[in-house]
Amino acid sequence: MKRSQLFLIFIFFYLAPTQAAGCSISLNNDITEPQPLILTPQGGYGNDAFFLPSSGDRILLTDNQLVDIACPNGNVLVAGASLGSSTSQASTIPYHTARFTGNTCLTGYREIEIGFIVGSRFLTIMLLCFDQARQHTLYSQFNLTKTIGGYQTGYPRPSWLQGSGFFTVSGVDSLYTRNQQRITINRLLGLSDSSYQYIAETSDLYLARGHLTAKADFLFGAQHRATFYLVNAAPQWQTFNGRNWNNLEQDVRNYASRNAVDLVVYTGTHGVTTLLHSVTGAETELYLYVNGAARGIPVPRIFWKLVYDPVRKAGTVFIGVNNPYILNPSKDIICTNVCSQYSWLTWRATDVEDGYSYCCSVADFRRTVTTFPNLEVTQLL
């Protein structure tokens, strides 16, 4: 694990001056690459550790305000530098860390945290509940800031990381490749290895590494990169991943921005997707890892997202069916649909290929899904 060098920088009038004394920093235009972490001197262990935008993508600073600049990769910055100068850039992109916390979650599963080591602090941006026996994350949790509308756009996507000590299966990333997943799924369903019946040759009908917590759910590019651990993903049909689920993620971010509300968001999975065996006609569960009788990395039956306002104790679960081939989606409706309450949803809810989608109260959803966080929820979002 890589620790950071940390410096206090004295801020004078640099970058864009404001009408009042001080200055502003645009997340998209004013920070030199590779970007350091821009932190508040008073500390913190999550979103509260980062300087957040006050207007659009701009961080507003007062005259002589102190800022912590951290590079979690052992590199040194020059004290007293302006954030807009080459002396305040990291020599490499800030390094993130994923590790077991030593705590359990739900009923004996293992908790993972993802974030940055800064001095003696660990800046946690995500917590995950991991089922090591099935090589599968039950849910990922993060705090969505009301300033998310100012997030850095167009930040390069890194390669996915397996991390250390989480999966007992080696080469997890290779199991997601289109050719390998086609072979695995076809053998489960009694098809020839080369059949394109379910895993298409070129279209979006294949299983993507579906983010649980999305990269765009965070403000800074360094945070975006930290979402690319395979424990923060599950097999998700790309037609669903890129359409209805992507729309939901954007809708939730827009809701936080529009209503100026900080939210706690949990994203998880439930069940295992099935398709009919080509010979027996039996419903057959899909996995990316198959070794004899051993199974791992299940293709989830549904993805769910709990959006929770902790101030109002208000929350709603948004659900999508992860099966573009399903003939009767009613069997995957596990609670009463309350989507009529949310005019701001932009998904095409009844389109099966896009991912049949609906909404439920937390109490109703909990009656079926037990691998779910224990929060006090008194009303719909």
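Hey, among the residues in the stretch 89-104 that are buried (at least 17 other Cβ atoms within 10 Å of the Cβ) and over 18 Å from the mean Cα position of the chain (by Cα), which one's farthest from SER170 (Cα to Cα)?
For the stretch 89-104, the residue satisfying everything is GLN89.
Out of all the residues in the stretch 42-67, which are within 26 Å of THR97 (Cα to Cα), among the β-branched types (Val, Ile, Thr) and part of a loop (DSSP other than H, G, I, E, B)?
None; the set is empty.
Exactly one of (1) assigned to a helix (DSSP H, G or I); (2) at pLDDT 95 or above; (3) within 20 Å of MET126 (Cβ to Cβ) is unmet by ALA222. Its number?
(2)
Considering only strands (runs of 3 or more DSSP E) fully contained in the stretch 80-192, which possess at least 1 residues that are farther than 20 Å from LEU212 by Cβ and modelled with pLDDT of 95 or more?
It comes to 97-105.
Which residues, counting only those in the stretch 304-323, are assigned to a loop (DSSP other than H, G, I, E, B) and either crowded, with 19+ Cβ neighbours inside 10 Å or aliphatic (A, V, I, L, M) (or both)?
Taking the stretch 304-323 as the starting set, the residues that turn out to be assigned to a loop (DSSP other than H, G, I, E, B) are 310-313, 322-323.
VAL311, ASN322, ASN323, listed by residue number.
Which of the numbered conditions does ILE148 fail, given that it passes all the others? Conditions: (1) crowded, with 20+ Cβ neighbours inside 10 Å; (2) free of Cβ contacts under 8 Å to residues at least 40 places away in the same chain; (3) not hydroxyl-bearing (Ser, Thr, Tyr).
(2) is the only condition that ILE148 fails.
Select, from ALA214, ALA133, the only residue that is of a type in the set (A, V, I, L, M, F, W, C) and crowded, with 17+ Cβ neighbours inside 10 Å.
Residue meeting the stated conditions: ALA214.
Under the condition of being over 24 Å from GLU285 (Cα atoms) and in a loop (DSSP other than H, G, I, E, B), which residue from the stretch 203-219 is nearest to the chain's Cα centre (by Cα)?
Kept after step one, since they are over 24 Å from GLU285 (Cα atoms), are these residues of the stretch 203-219: 213-219.
Checking which are in a loop (DSSP other than H, G, I, E, B) leaves us with 213-214, 218-219.
Numbers: THR213: 1, ALA214: 3, PHE218: 9, LEU219: 12 Å.
Only one residue tops the list, namely THR213.
For ARG301, indicate whether it is over 26 Å from HIS211 (Cβ atoms), basic (Lys, Arg) and either touching a strand residue (DSSP E or B) at 6+ places or on another chain (Cβ under 8 Å) or part of a strand (DSSP E or B) (or both).
no
Considering only residues that are free of Cβ contacts under 8 Å to residues at least 40 places away in the same chain and crowded, with 18+ Cβ neighbours inside 10 Å, look in the stretch 198-210 and name the one that is farthest from TYR176 (Cα to Cα).
ILE199
Scan (1) of a type in the set (Asp, Glu); (2) modelled with pLDDT under 80; (3) surrounded by 14 or more Cβ atoms within 10 Å (Cβ to Cβ) for the single condition ASP30 breaks and write down its number.
Among (1) of a type in the set (Asp, Glu); (2) modelled with pLDDT under 80; (3) surrounded by 14 or more Cβ atoms within 10 Å (Cβ to Cβ), the lone unmet condition for ASP30 is (2).
Could you check, for the stretch 291-300, whether at least one of its residues is under 20 Å from the mean Cα position of the chain (by Cα), hydrophobic (A, V, I, L, M, F, W, C) and under 20 Å from LEU188 (Cβ atoms)?
yes
The values are calculated or read from the model by the stated rules, or taken from the named source; none is laboratory data. Treat the numbers as computed from the prediction; the structure is a model and nothing was measured. Please note: Cβ atoms are built from the backbone with ideal geometry, for glycine as well, and neighbour counts cover all protein chains shown.
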